[in-house]
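Some notes on the structure that comes next.
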Amino acid sequence: MRATQFFISTTKEAPSEAELVSHKLMLRAGLIKRLGSGLYTWMPLGLRVLRRVEAVVREEMNRAGAIELLMPAVQPAELWEETGRWAVFGPQMLKIKDRHQRDFCFGPTHEEVITDVARREIKSYRQLPLNFYQIQMKFRDEIRPRFGVMRAREFLMKDAYSFHASRDSLIDTYQTMYDAYTRVFSRLGLTFRAVAADTGAIGGSGSHEFHVLADSGEDLIAYCPDSDYAANVELAEALAPTAPRAAPQETMREVDTPKQTTCEDVAALLDIPLIRTVKLIAVMAGEQMVVLLLRGDHMLNEVKLGKLEGMADFRLANEAEIRAAFDCPPGFLGPVGIDRAKIKVIADRTVAAMNDFVCGANKPKFHLAGVNFGRDLQEPDVVADIRNVMPGDPSPDGKGSLQLCRGIEVGHVFQLGNKYSQAMNATYLDEAGKAQAMEMGCYGIGVSRIVASAIEQNHDEKGIIWPKAMAPFLLVIVAIGYGKSEMVKTAADKLYAELSAAGLDVLLDDRDERPGVMFADAELIGIPHRLTVGERGLKDGVIEYQPRRAEAGESGEPQKIALADAPKFLTGLLER
């Protein structure tokens, strides 16, 4: 591709609203242009990257035995009403009406549509298993689109759906897809981790997320450096302390805390470790008030709490409800002396094993010290894991301690089971001729999000550094003075023709620009390899080679190579 016949639109500065590195660089490099909130045009350069990602995904899906199809983006409400998701999916679903005032949505996902296909087309166990996939634009009406294509309203996604006659068959395909995803992200040159995850709104019995590791990631991942254990913090189990609760050593007493309303402030005032404090969080489960007890340095895990019996739709209690139950303002609440006939107590596992702890006194400007279960207050009604894990917590697999890192979710695989097939009566006839609900799995990859994630993981002060499998061009030839020097034009054209004939994806920068502009654009765009052709070097029969990133065992510094040896040098380098 010649730059003069292509479209390159780079800028020195990104708009002020761009926050993440990937958003800034994608705009500066001219990969995308903003149309509206969460809506972006993929420009020619960006589309080349997107298509490279899409090609790898398609190859691995085909290799895994999935069959490609394409479903409508606009879906009738009737399908979603069958599963009950029309009312509960949430405001991120863009609902529309046609000219006949019939309800439709712009598909955020396609479980209902593919299940409708399956119930119409699959009749016998002999047709199973089947795995269908598509690569298609989705739309989710994010309340606050941000970070460019990382959290856009319209995005390109690969979604696959498998159908099975047994749970064992589902598990086999789930593993096949897990392995395929591992190959996809490995081939794309990304540093990633697969983590056990919550199934969320999609539902099902088990799932894994695939995260590109980056400090800018929205998701917090718990992992064990000494084993393969990894899980989203929403799901990672905080094990109960192994040591039994110690006997009381202190007498319960009031302590004056006139301005201290947080565990941190109370611990500092009393000169004690934060881990000796307990905080109370008041929530409502329907009409029932429930208090949650957590150690002062721990954070509530709402996903875990929501899975406890009766807590699926909990909400935080408001100040009026708190004052009515405790006759005390927030900041001084504690579990001692509360009406247990009216208030349920759920204690985290760590709190249930504590003794001589400090908590609120249910009295303005006071806390209690030396508090113990069994002596000063009843044992909790429920003891459960309701907190986020922390660095240093024991790994649930028993093979070391947990550490935390940030990740960007780019893939998710689910074992759906028969949630959708039962709701939509998607059945097959088994060997005995009896109708059975199909087992299902679903498997998603955020194709457009991968592009931004790769930039978050691969950039420097000059711009993007693409992994080779994702680069819009593998090599750029910077021809200095192409329109002014016949020597440069002849050498650059010949080199471009030879390298293109060798199967390399080459960009010939033949623009009438200053060398500094051409070099800056090549570095900003992130093309992995650069050849510079100029009159000064050609007089000595040499050109300059410069890699965008230093590979193992190489300096990354520019080097002179003979013009005649350039094709052999480049093809050998790229084969390595």
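In table form, for the structure just shown:
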{"read-out": "Criterion: acidic (Asp, Glu), touching a residue at least 12 places away in the same chain (Cβ under 8 Å) and farther than 19 Å from residue 190 by Cα - qualifying residue of 219, 256", "value": "256"}
{"read-out": "Hits in the stretch 196-229 (condition: buried (at least 17 other Cβ atoms within 10 Å of the Cβ), hydrophobic (A, V, I, L, M, F, W, C) and either in contact with a Ser or Thr (Cβ under 7 Å, 6 or more places away or on another chain) or at pLDDT below 90 (or both))", "value": "196, 197, 202, 212, 213, 214, 224"}
{"read-out": "Any pair with Cβ under 8 angstrom, 6 or more apart, that starts in the stretch 300-315 at a residue that is touching a residue at least 40 places away in the same chain (Cβ under 8 Å) and more than 15 Å from residue 347 (Cα to Cα) and ends at one that is part of a loop (DSSP other than H, G, I, E, B) and hydrophobic (A, V, I, L, M, F, W, C)", "value": "303/235"}
{"read-out": "Residue in the stretch 477-485 that is buried (at least 17 other Cβ atoms within 10 Å of the Cβ), in contact with a Pro (Cβ under 6 Å, 6 or more places away or on another chain) and either outside the structural domain of residue 451 (by TED's automatic domain parsing) or of a type outside the set (Lys, Arg) (or both) present", "value": "yes"}
{"read-out": "Given (1) in contact with a Phe, Trp or Tyr (Cβ under 8 Å, 6 or more places away or on another chain); (2) in contact (Cβ under 8 Å) with a residue 60 or more places away in the chain, index of the condition residue 107 fails", "value": "(2)"}
{"read-out": "Within the stretch 7-88, helices (runs of 4 or more DSSP H) holding 2 or more residues that are farther than 19 Å from residue 141 by Cα", "value": "21-28, 44-63, 77-83"}
{"read-out": "Qualifying residue in the stretch 386-393 (condition: crowded, with 21+ Cβ neighbours inside 10 Å, more than 30 Å from residue 148 (Cα to Cα) and either among the β-branched types (Val, Ile, Thr) or without any contact (Cβ under 8 Å) to a residue 60 or more places away in the chain (or both))", "value": "yes"}
{"read-out": "Residue ID - nearest to residue 45 (Cα to Cα), chosen from residues in the stretch 500-509 that are modelled with pLDDT under 95 and over 35 Å from the mean Cα position of the chain (by Cα)", "value": "500"}
{"read-out": "Hits in the stretch 129-142 (condition: hydrophobic (A, V, I, L, M, F, W, C) and either within 15 Å of residue 443 (Cα to Cα) or surrounded by fewer than 18 Cβ atoms within 10 Å (Cβ to Cβ) (or both))", "value": "130, 132, 135, 137"}
{"read-out": "Some residue of the stretch 52-66 being among the β-branched types (Val, Ile, Thr) and touching a Phe, Trp or Tyr at 6+ places or on another chain (Cβ under 8 Å)", "value": "no"}
{"read-out": "Complete set of residues in the stretch 515-548 that are closer than 23 Å to residue 29 by Cβ, out of contact with any helix residue (DSSP H, G or I) (no Cβ under 7 Å at 6 or more places or on another chain) and acidic (Asp, Glu)", "value": "521, 523"}
{"read-out": "Only listed residue being acidic (Asp, Glu) and in contact (Cβ under 8 Å) with a residue 40 or more places away in the chain, chosen from 116, 98", "value": "116"}
{"read-out": "Single match in 191, 115, 176 (criterion: polar (S, T, N, Q), touching a helix residue (DSSP H, G or I) at 6+ places or on another chain (Cβ under 9 Å), more than 19 Å from residue 418 (Cα to Cα) and in the same structural domain as residue 79 (by TED's automatic domain parsing))", "value": "191"}
{"read-out": "Breaking point among (1) over 30 Å from residue 266 (Cβ atoms); (2) in contact with a Phe, Trp or Tyr (Cβ under 6 Å, 6 or more places away or on another chain); (3) modelled with pLDDT of 95 or more, for residue 397", "value": "(3)"}
{"read-out": "Among (1) under 19 Å from residue 57 (Cα atoms); (2) in a loop (DSSP other than H, G, I, E, B), the one test that residue 240 misses", "value": "(1)"}
{"read-out": "Residue 99, sole failed condition from (1) under 30 Å from residue 183 (Cβ atoms); (2) of a type in the set (D, E, K, R); (3) modelled with pLDDT of 95 or more", "value": "(1)"}
{"read-out": "Strands (runs of 3 or more DSSP E) contained in the stretch 477-576 and holding at least 1 residues closer than 30 Å to residue 452 by Cβ and not basic (Lys, Arg)", "value": "506-509, 529-533, 542-547"}
{"read-out": "Candidate set from the stretch 72-103 (those that are under 23 Å from residue 39 (Cα atoms) and buried (at least 18 other Cβ atoms within 10 Å of the Cβ)); member that is nearest to the chain's Cα centre (by Cα)", "value": "93"}
{"read-out": "In the stretch 96-139, the residues that are assigned to a strand (DSSP E or B) and under 23 Å from residue 448 (Cβ atoms)", "value": "96, 105, 106, 131, 132, 133, 134, 135, 136, 137, 138, 139"}
{"read-out": "Elements of type strands (runs of 3 or more DSSP E) in the stretch 397-462, at least 1 residues being among the aliphatic types (A, V, I, L, M), in contact (Cβ under 8 Å) with a residue 12 or more places away in the chain and closer than 30 Å to residue 23 by Cα", "value": "403-417, 439-446"}
{"read-out": "Counted residues, the stretch 397-446 - those being more than 27 Å from residue 155 (Cα to Cα) and among the β-branched types (Val, Ile, Thr)", "value": "1"}
{"read-out": "Subset of the stretch 453-470 that is farther than 21 Å from residue 208 by Cβ and crowded, with 24+ Cβ neighbours inside 10 Å - its residue that is nearest to the chain's Cα centre (by Cα)", "value": "455"}
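The values are calculated or read from the model by the stated rules, or taken from the named source; none is laboratory data. Not measured: the values here are computed from a predicted model. Ideal geometry is used to build each Cβ from the backbone, glycine not excepted, and the neighbour counts take in all protein chains shown.
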